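S.K.: Okay, handing you the structure first.
The values are calculated or read from the model by the stated rules, or taken from the named source; none is laboratory data. Computed from a predicted structure; not experimentally measured. When we count neighbours, we look across all protein chains shown, and the Cβ atoms used for this are built from the backbone with ideal geometry, even at glycine. Keep in mind that these areas ignore ligands, DNA and RNA; they rest on the heavy atoms of the full protein, side chains included. Shrake-Rupley method; radii C 1.70, N 1.55, O 1.52, S 1.80 Å.
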Amino acid sequence: MSDSNDRFAPGWPGIPPRWTSSAKSGIGTALNPHSRVWFTLSHGILNEVYFPRVDQACTRDLGLIITDGKGYFSEEKRHCTFENTAIEPGVPVYNLTNTSVDGRYRIHKQVYTDPYRNVVLQKIRFEPLREPLSGFRCYALLAPHLANWGNGNTGWSADYKGHPMLFAERDGVALGFACSTPWLAWSVGFVGYSDGWQDLSQNFRLTWNYSRAENGNIALTGEIDLAACGGEFLLALGFGRNCWEAGQQVRSSLLEDWNAIREHYVRHWRTWHDGLLALDEPAREVDLYRPSMAVLRTHESKDFLGGIIASLSIPWGFNKGDEDLGGYHLVWPRDLVETAGALVAGGAVEDAFRVMRYLEATQESDGHWAQNLWLDGRPYWGGLQMDETAFPILLLDLLRREAAGALGELKRWWPMVQGAAGFIVRNGPVTQQDRWEEDGGYSPFTLSVEIASLLAAADIAEAVGEPDAASYLRDTADSWNDNIERWVYTTDGDLAREIGVDGYYVRISPPEVDGASSPLQGFVPIKNRPPDQGVARATQVISPDSLALVRFGLRAPDDPRILNTVKVVDALLRVKLPQGPCWYRYNGDGYGEHEDGSPFDGTGVGRPWPMLAGERGHYELAAGRPDFAEALLRVMEGSTASAGRPIPEQVWDGPDIPELELFTGKPSGSACPLVWAHAEYVKLRRSLRDGQIFDQPPQTVQRYLVEKHTCRFFAWRFNNKSRTLPCGKKLRLSLLAPATVHWSVDGWKTALDTRTHDTKLGVHVVDLPTEKLPVGHAVVFTFHWTHPNRWEGTDYTVVVE
């Protein structure tokens, strides 16, 4: 659609593009898979709209500008106060009311999507407050960022079947934008130079009327004919693979009865909610159960079923451009499993099964899952986080407990479990990155998930007739469980003496000093901090992550080591907010705004995470303090911008800075909503109802808290070459290839040869009978590899301690 009479806009390519605020006040989509658009709301207007997938943002924002045609200019997102309410909890149709701060007008909107088309609809009524309608002019300003990119967009004005529309396209994606009352005027320009905002702010009406802007950061502007529509109109923003598809979608929606479209959209959502557990509490001051379930469901893909992204937002998006390609609209396997667990907690079991199938399809050939990925399975970042390989096993185990009949034949899932468990035993227990995607080493959280998953995998292995694999998995879990304190519990340090405890669990201990007497001797890097603050002793960095030892059933809530750690965590990481206590990820965290409120730019200061209040709530419930757990649930509810709004990743903990929209205890510029936070909220609601931790694996509780099971072996492997061995233990050598072990307990005066055996998990093991060796005695060994036929060429020594 082009015309020889096009008036090309000057100012190419426009200013550098930026995304917009991450503080969403609402998100929505239709449940019908025919409608492949998702919308977000902030500051009274549409923000990012996603198409054709939930990981593909296509707009920056869409809002209204009001003028009088002579000297008055008002932009609703900057010059109004905002009210935003869903029509009912968990149904994402939003009533927005934007009132100008000068009291001259009010804008009423209702926002939803066409459930049968790729179209976002806004039913709008413009209400003059002090003067007649004829005294105003109203313009819609749209900033396309098609296919996750602000640069390279081309826009133009044209007719579709005689109906005037504004179009944009880039990289095989197009949008069409129209009004139920035909545009009175329109213009297309480059942002910052020739766009409608520049024209209107200078001239108070459209005077430039450019019809085309190519390959840049563009904006589309259309004037609504207020006189013709009486101030009431419908804006339709539609999408397709080309402008003809987009135009047809828009025109079709505008020809339908908007009330009927809305009724179908609402009915689909109500039907879904009817199938959920009734965890609602009508007397609750703020009840986020239904809205949270809707947040989880809204973030799911309609092409790649079961793929759920982390957030329909870009943290500090107003400060980020095209270089931040992924934002948070990617799949993190950990977040995905946490979300699926919450779906199960809320009764949406079929939705959780879709997640299980998605995970099955996106597992890498070696058994692990990518750190994060696009919905089609393409890895994005290249890190390796062992908990993300362990979590899918725990999800399958949860589904076995909660809905075994729906799983079908368990053997169908064994290849996935075998691959994941094999990867864990070959590469664990150390992780390249912890759950905060920063440091490698021994992490209490990662260890907890790994060990629990190995026991769950052992049960599955036994059920499908793989007893040897089951035995090895349990032995490995036991060995790692026995060594948790060796790896991550420090005693008698300066910090312990200062707080008055015997010791505590650290956030992470590094793998680099694995051969020393303790990994706790090492240093850990502190990410997102200036270079001179970028490293700390492992014993000086604390995190609430150690509470995972209780959450996953490895340690009792009243274990003295846990109690000591809680004291240290509260002394260093607890912060008092207006809504109650909350916690930082770890001391020295740099992921958050700077002290002056300026956005995170690679460095900053970490802020409190409401999700951590939910995790602490689960600990308090396990410890027999349900009232405190309930209070922490209210902390999560109080961390939203206002009642019923999404739960953010972080909240601001400094004094109010109104000009930066930072208020104590309210969302910072981080991701909002954070799906993980809503998942934790739902699970805590279910746990409080049940009186116990909903997603706690029963295997660990039975084996370690009831039976007090310990391991007969001490493991040695190439990624964990321990130099010492506890007295009374056999030494188990775990290798990644078959070999004959050549070994001696008398300094090579005599030697024995023992062949490894295959665990069917990619690990070949041999147990050396060291359990009767006295303290100070050493075992020395080397390897003759079967394929290829060669000697290792190095002797290894382990001393009994």
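S.K.: Among all residue pairs at least 6 apart or on different chains, which show Cβ distances below 6 Å where the first residue, located in segment 719-748, is closer than 20 Å to residue 774 by Cβ and the second is open to solvent by 40 Å² or more (accessible area, probe 1.4 Å) and among the small types (Gly, Ala, Ser)?
M.R.: Close Cβ pairs (under 6 Å, with a partner that is open to solvent by 40 Å² or more (accessible area, probe 1.4 Å) and among the small types (Gly, Ala, Ser)) amount to 744/751.
S.K.: Let me ask another. Of all residues in segment 19-38, how many are closer than 20 Å to residue 119 by Cβ and in a strand (DSSP E or B)?
M.R.: Residues flagged as closer than 20 Å to residue 119 by Cβ and in a strand (DSSP E or B) within segment 19-38 amount to 5.
S.K.: If a residue must be surrounded by fewer than 24 Cβ atoms within 10 Å (Cβ to Cβ), under 16 Å from residue 410 (Cα atoms) and in contact (Cβ under 8 Å) with a residue 24 or more places away in the chain, how many such residues does segment 445-492 contain?
M.R.: Going through segment 445-492 one residue at a time, the tally reaches 4.
S.K.: I've got another one for you. Working only within segment 694-753, note down all residues that are open to solvent by 30 Å² or more (accessible area, probe 1.4 Å) and of a type in the set (Lys, Arg).
M.R.: 703, 708, 712, 721, 723, 729, 730, 749
S.K.: Being of a type in the set (A, V, I, L, M, F, W, C), within 26 Å of residue 489 (Cβ to Cβ), touching a helix residue (DSSP H, G or I) at 6+ places or on another chain (Cβ under 7 Å) and surrounded by fewer than 17 Cβ atoms within 10 Å (Cβ to Cβ): is that true of residue 613 here? Break it down into steps so the answer makes sense when it comes.
M.R.: Values: of a type in the set (A, V, I, L, M, F, W, C): yes; within 26 Å of residue 489 (Cβ to Cβ): yes; touching a helix residue (DSSP H, G or I) at 6+ places or on another chain (Cβ under 7 Å): yes; surrounded by fewer than 17 Cβ atoms within 10 Å (Cβ to Cβ): no.
When the stated conditions are applied, residue 613 does not pass them.
S.K.: A follow-up question, please. Would you confirm whether or not segment 269-278 contains a residue that is touching a residue at least 40 places away in the same chain (Cβ under 8 Å) and within 25 Å of residue 176 (Cβ to Cβ)?
M.R.: Checking segment 269-278: not a single residue is touching a residue at least 40 places away in the same chain (Cβ under 8 Å) and within 25 Å of residue 176 (Cβ to Cβ).
S.K.: What's the total number of residues in segment 121-139 that are buried (at least 20 other Cβ atoms within 10 Å of the Cβ) and farther than 19 Å from residue 184 by Cα?
M.R.: The number of residues fulfilling the criteria is 1.
S.K.: May I ask you to list the residues in segment 89-98 that are in contact with a helix residue (DSSP H, G or I) (Cβ under 8 Å, 6 or more places away or on another chain) and either in a strand (DSSP E or B) or open to solvent by less than 30 Å² (accessible area, probe 1.4 Å) (or both)? Please lay out each step first, then the result.
M.R.: Quick first cut of segment 89-98, residues in contact with a helix residue (DSSP H, G or I) (Cβ under 8 Å, 6 or more places away or on another chain) only: 89-93, 98.
Hits for segment 89-98 are 90, 91, 92, 93, 98.
S.K.: Within segment 282-322, take every residue that is at pLDDT below 90 and in contact with a Pro (Cβ under 7 Å, 6 or more places away or on another chain) and give me the one that is farthest from residue 648 (Cα to Cα).
M.R.: 322
S.K.: Within segment 368-424, track down each residue that is open to solvent by 10 Å² or more (accessible area, probe 1.4 Å) and charged (D, E, K, R).
M.R.: Selection gives 376, 378, 400, 401, 402, 409, 411, 412.
S.K.: Another question, if that's okay. Filtering segment 1-22 down to residues that are open to solvent by 40 Å² or more (accessible area, probe 1.4 Å) and among the hydrophobic types (A, V, I, L, M, F, W, C), which residue is modelled with the lowest pLDDT? Step through it out loud before you land on a result.
M.R.: So the first thing to find is which residues in segment 1-22 are open to solvent by 40 Å² or more (accessible area, probe 1.4 Å), and the list is 1-5, 7-8, 10, 12-13, 15-16, 18.
Subset that is among the hydrophobic types (A, V, I, L, M, F, W, C): 1, 8, 12, 15.
Numbers: 1: 54, 8: 96, 12: 97, 15: 97.
The qualifying residue modelled with the lowest pLDDT is 1.
S.K.: Tally the residues that are in contact (Cβ under 8 Å) with a residue 40 or more places away in the chain, under 28 Å from the mean Cα position of the chain (by Cα) and on the phi < 0 side of the Ramachandran plot, restricting the search to segment 527-561. Don't jump to the end; show me each part of the working.
M.R.: We begin by selecting, within segment 527-561, every residue in contact (Cβ under 8 Å) with a residue 40 or more places away in the chain; these are 527-530, 533, 536, 538-558, 560-561.
Next, from what is left, pick out any that are under 28 Å from the mean Cα position of the chain (by Cα): 527-530, 533, 536, 538, 540-555, 557.
Checking the rest, the ones that are also on the phi < 0 side of the Ramachandran plot come to 527, 529-530, 533, 536, 538, 540-552, 554-555, 557.
Residues meeting the conditions: 22.
S.K.: Ok, one more. For residues that are in contact with a helix residue (DSSP H, G or I) (Cβ under 9 Å, 6 or more places away or on another chain) and either charged (D, E, K, R) or not in a loop (DSSP other than H, G, I, E, B) (or both), tally how many sit in segment 743-769. Walk me through how you get there before you give the answer.
M.R.: Going residue by residue through segment 743-769, those that are in contact with a helix residue (DSSP H, G or I) (Cβ under 9 Å, 6 or more places away or on another chain) are 757-763, 765.
Then keep just the ones that are either charged (D, E, K, R) or not in a loop (DSSP other than H, G, I, E, B) (or both); that gives 757-758, 760, 765.
Going through segment 743-769 one residue at a time, the tally reaches 4.
S.K.: Give me the residue from segment 189-245 that is β-branched (Val, Ile, Thr) and in a strand (DSSP E or B) and, out of that set, nearest to residue 255 (Cα to Cα). Can you show your working first?
M.R.: Applying the first criterion (β-branched (Val, Ile, Thr)) to segment 189-245 yields 191, 207, 218, 221, 224.
Keeping just the survivors that are in a strand (DSSP E or B) gives 218, 221, 224.
Working: 218: 28, 221: 22, 224: 18 Å.
In this case the residue turns out to be 224.
S.K.: Just to be sure before I move on: is residue 685 open to solvent by 30 Å² or more (accessible area, probe 1.4 Å) and either assigned to a strand (DSSP E or B) or among the basic types (Lys, Arg) (or both) in the structure I sent?
M.R.: Details: open to solvent by 30 Å² or more (accessible area, probe 1.4 Å): no; either assigned to a strand (DSSP E or B) or among the basic types (Lys, Arg) (or both): yes.
No, not satisfied.
S.K.: Separate question: Run residue 592 past the list (1) over 19 Å from residue 628 (Cα atoms); (2) modelled with pLDDT of 95 or more; (3) open to solvent by 30 Å² or more (accessible area, probe 1.4 Å) and report the number of the one that doesn't hold.
M.R.: (3)
S.K.: Looking at (1) within 30 Å of residue 645 (Cβ to Cβ); (2) in contact with a Gly (Cβ under 9 Å, 6 or more places away or on another chain), which is the one condition that is false for residue 242?
M.R.: (1)
S.K.: Any residue at all in segment 379-397 that is at positive phi, assigned to a loop (DSSP other than H, G, I, E, B) and under 17 Å from the mean Cα position of the chain (by Cα)? Step through it out loud before you land on a result.
M.R.: The initial filter retains those residues of segment 379-397 that are at positive phi, namely none.
For segment 379-397, residues at positive phi, assigned to a loop (DSSP other than H, G, I, E, B) and under 17 Å from the mean Cα position of the chain (by Cα): absent.
S.K.: When you scan segment 578-588, do you find a residue that is within 28 Å of residue 505 (Cβ to Cβ), part of a loop (DSSP other than H, G, I, E, B) and over 23 Å from the mean Cα position of the chain (by Cα), even just one?
M.R.: Our first condition is that a residue be within 28 Å of residue 505 (Cβ to Cβ); within segment 578-588, this holds for 579-588.
Those still in the list that are part of a loop (DSSP other than H, G, I, E, B) too: 579, 584-588.
Keeping just the survivors that are over 23 Å from the mean Cα position of the chain (by Cα) gives 579.
So far as segment 578-588 goes, yes, one or more of its residues are within 28 Å of residue 505 (Cβ to Cβ), part of a loop (DSSP other than H, G, I, E, B) and over 23 Å from the mean Cα position of the chain (by Cα).
S.K.: Please state which one of 164, 182 is assigned to a strand (DSSP E or B) and not hydrophobic (A, V, I, L, M, F, W, C).
M.R.: Among 164, 182, only 164 is assigned to a strand (DSSP E or B) and not hydrophobic (A, V, I, L, M, F, W, C).
S.K.: Does segment 36-49 contain any residue that is under 32 Å from the mean Cα position of the chain (by Cα), open to solvent by less than 30 Å² (accessible area, probe 1.4 Å) and among the hydroxyl-bearing types (Ser, Thr, Tyr)? Let's see the steps before the verdict.
M.R.: Narrowing segment 36-49 to residues under 32 Å from the mean Cα position of the chain (by Cα): 36-49.
Filter again for open to solvent by less than 30 Å² (accessible area, probe 1.4 Å), leaving 37-42, 44-49.
Next, from what is left, pick out any that are among the hydroxyl-bearing types (Ser, Thr, Tyr): 40, 42.
Yes, the conditions are met somewhere in segment 36-49.
S.K.: Here is a follow-up. Considering only segment 547-573, state which residues are open to solvent by less than 10 Å² (accessible area, probe 1.4 Å) and either in a loop (DSSP other than H, G, I, E, B) or more than 21 Å from residue 456 (Cβ to Cβ) (or both). Outline the logic, then answer.
M.R.: Filtering segment 547-573 down to residues open to solvent by less than 10 Å² (accessible area, probe 1.4 Å) leaves 548-550, 553-554, 562, 565, 568-569, 573.
Correct list: 553, 554, 562, 565, 568, 569, 573.
S.K.: A further question on this structure: Filter segment 296-347 down to residues that are among the basic types (Lys, Arg) and more than 27 Å from residue 601 (Cα to Cα), then give me how many there are.
M.R.: Residues of segment 296-347 among the basic types (Lys, Arg): 297, 302, 320, 334.
This time we only want the ones that are more than 27 Å from residue 601 (Cα to Cα), so: 297, 302.
Adding up the residues that qualify gives 2.
S.K.: Quick check on my filter: what residues within segment 425-440 are in contact with a Lys or Arg (Cβ under 8 Å, 6 or more places away or on another chain) and open to solvent by less than 10 Å² (accessible area, probe 1.4 Å)?
M.R.: Step one: list which residues in segment 425-440 are in contact with a Lys or Arg (Cβ under 8 Å, 6 or more places away or on another chain), which gives 434-436, 438-439.
434, 435, 439 - these are the residues of segment 425-440 that are in contact with a Lys or Arg (Cβ under 8 Å, 6 or more places away or on another chain) and open to solvent by less than 10 Å² (accessible area, probe 1.4 Å).
S.K.: Only one of these conditions is not met by residue 85: (1) closer than 25 Å to residue 318 by Cα; (2) in a loop (DSSP other than H, G, I, E, B); (3) modelled with pLDDT under 95. Which number is it?
M.R.: Looking at each condition in turn, residue 85 falls short on (2).
S.K.: When you go through 645, 607 one by one, which is the residue that is assigned to a loop (DSSP other than H, G, I, E, B), at pLDDT below 95, surrounded by 22 or more Cβ atoms within 10 Å (Cβ to Cβ) and not aliphatic (A, V, I, L, M)? First the steps, then the outcome.
M.R.: On the way: 607 fails: at pLDDT below 95.
The unique qualifying residue is 645.
S.K.: Further, regarding this structure: I'd like the full set of residues that are under 15 Å from residue 305 (Cα atoms) and either open to solvent by 10 Å² or more (accessible area, probe 1.4 Å) or not in a helix (DSSP H, G or I) (or both), limited to segment 338-352.
M.R.: Of all residues in segment 338-352, those under 15 Å from residue 305 (Cα atoms) come to 339-340, 343, 348-352.
Listed by number, the residues that qualify are 348, 349, 350, 351.
S.K.: When segment 257-268 is examined, which residues are found to be of a type in the set (A, V, I, L, M, F, W, C) and either in contact (Cβ under 8 Å) with a residue 24 or more places away in the chain or in contact with a Cys (Cβ under 7 Å, 6 or more places away or on another chain) (or both)? Steps first, answer last, please.
M.R.: First, the residues of segment 257-268 that are of a type in the set (A, V, I, L, M, F, W, C): 258, 260-261, 266.
258, 261, 266 - these are the residues of segment 257-268 that are of a type in the set (A, V, I, L, M, F, W, C) and either in contact (Cβ under 8 Å) with a residue 24 or more places away in the chain or in contact with a Cys (Cβ under 7 Å, 6 or more places away or on another chain) (or both).
S.K.: Mind counting the residues in segment 60-86 that are surrounded by 21 or more Cβ atoms within 10 Å (Cβ to Cβ) and farther than 17 Å from residue 22 by Cα?
M.R.: 6
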